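Data first, discussion second: the structure below is written as structure tokens.
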Amino acid sequence: MILRRLPSAAFALVVFSLAPLPVWADELPLSPIGQNSSGDNPAVDPMRPARLSAAERERLYEQAARDADLLEVQGRQLRRLTELLRPAVVHIMAEKPLLRPRRGRNTEDDAGSGVIAQVAGITAVITNRHVVNQSTLESITIRLADGREVHPRRLWSDAGTDIAVLEIDADDLEPARLAEGDTVQIGDMVLAIGSPFGLSHSVTLGIVSAKGRRDLDLGDGTVKFQDFIQTDAAVNPGNSGGPLVNLRGEVIGLNTAIASSSGGNEGIAFAIPIPMVTYVARELVTHGSVHRAYLGVALDNRFSQEEATRLGMLRPVGARVENVTRGAPADLADIRPDDVILEYEGRAVEDDDHLMSLVGMTPLESVVEVVIFRDRQRMPLRMKVASRREFEQPKDGPAPQRE
């Protein structure tokens, strides 16, 4: 299985017929197959299809109409959501330089999707960084739902989360409503809206099939802050940057990647959760980059059962501290090597990647509460986070990841 971001791609349309829905046993026609209305039961002729009487057909039509009334309530909600969200979803075309020019071409075209939103007082399109990365403002074209095409005025992006924000200037824009907080639950029904294979404003339906996916290998390794929503809504190349929407019409995520062996939809897609999207977008517009919090701990990314047993734990849960930066918040709070961080701001820490994501979305100067495991017991601590930039050193080579 290969994890793929969602670029534009050539495609072929294949049409599949839909098999009819089965009729439930208690709603089958009263007459057995081959029995006529007079009650006779001649031998079934395999060359002659069974026929329903006029009364039986009428009864089935009535049953279908009653059941359709129930299903159409759901259908009307989906149509309502589509009507709400279509004006806020855009198609993005970006021209990018080729690293290796071929056949006399120095550029290539890429495409994706985006969603219009209000971000820190401006109207902007939020999308994936990989959709517009290395493109100039003039080479990015945003096609609105009404057919207008505009170029962004400004662009900000964050490699650590694969999020980009494009400021646009156009009249009569309809921003989407972004969900507040992390309300997504496994099993929730969701819609994915975007431009798969360039087919703009396509809508697919599915459910949230998992949360907290944080170990995805997305190619160049720059997406370090991961907390993906997994969905089985059909997502294909061109959906990148488009919204994942709940049944209230609120954007709960930004579609980003698929797991696929064929390059197309196989029922496993990933979206950046909206709390991370809104935090990063606000930071980009306000500061021009993301100011991330810092604890000053080097974490064990191979925390094993053997290590957990040595520390007196039943299983390896949380983030084990390997080292502490002198003078950093963790050092001032007396966090030590071999401490295991179990909770951060009231949330159970699953592993080192989870802690990185939680710290990465913490506002600077916040005082946070953590719970550590030390000497076979839990211990609460408080510390004031610092800015990562205060402790970053010029990079002469690869360095261990710290939080």
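The values are calculated or read from the model by the stated rules, or taken from the named source; none is laboratory data. Everything numeric here is computed off the predicted structure, so don't read it as measured data. We place every Cβ from the backbone using ideal geometry, glycine too, and count neighbours over all the protein chains shown.
The table below lists the values:
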item	result
Check on T141, of a type in the set (S, T, N, Q), in contact with a strand residue (DSSP E or B) (Cβ under 7 Å, 6 or more places away or on another chain) and part of a strand (DSSP E or B)	yes
The stretch 68-120: number of residues that are closer than 30 Å to L247 by Cβ and without any contact (Cβ under 8 Å) to a residue 60 or more places away in the chain	13
Residue match in the stretch 158-169 (condition: among the hydroxyl-bearing types (S, T, Y), surrounded by 18 or more Cβ atoms within 10 Å (Cβ to Cβ) and closer than 16 Å to V115 by Cα)	no
Residues located in the stretch 338-374, provided they are under 17 Å from Q305 (Cα atoms) and of a type outside the set (K, R)	D338, D339, V340, I341, L342, V349, E350, D351, D352, F373
Selection status of V203, touching a residue at least 40 places away in the same chain (Cβ under 8 Å) and surrounded by 17 or more Cβ atoms within 10 Å (Cβ to Cβ)	yes
Selection within the stretch 243-280 - crowded, with 23+ Cβ neighbours inside 10 Å and either among the hydroxyl-bearing types (S, T, Y) or over 15 Å from the mean Cα position of the chain (by Cα) (or both)	T256
Listing of strands (runs of 3 or more DSSP E) fully contained in the stretch 308-398 that carry 3 or more residues being touching a residue at least 24 places away in the same chain (Cβ under 8 Å) and over 27 Å from the mean Cα position of the chain (by Cα)	319-324, 367-374, 377-384
Residues within the stretch 110-121 that are of a type outside the set (G, A, S), out of contact with any Gly (no Cβ under 8 Å at 6 or more places or on another chain) and either buried (at least 16 other Cβ atoms within 10 Å of the Cβ) or assigned by TED's automatic domain parsing to the domain that holds G242 (or both), tallied	3
Scan of the stretch 145-157 for residues that are buried (at least 17 other Cβ atoms within 10 Å of the Cβ), part of a loop (DSSP other than H, G, I, E, B) and at pLDDT 95 or above, ordered by number	P152
Condition met for R320 (surrounded by 15 or more Cβ atoms within 10 Å (Cβ to Cβ) and assigned by TED's automatic domain parsing to the domain that holds R378)	yes
Residue in the stretch 324-337 that is nearest to V297 (Cα to Cα), counting only those that are surrounded by 15 or more Cβ atoms within 10 Å (Cβ to Cβ) and of a type outside the set (S, T, Y)	V324
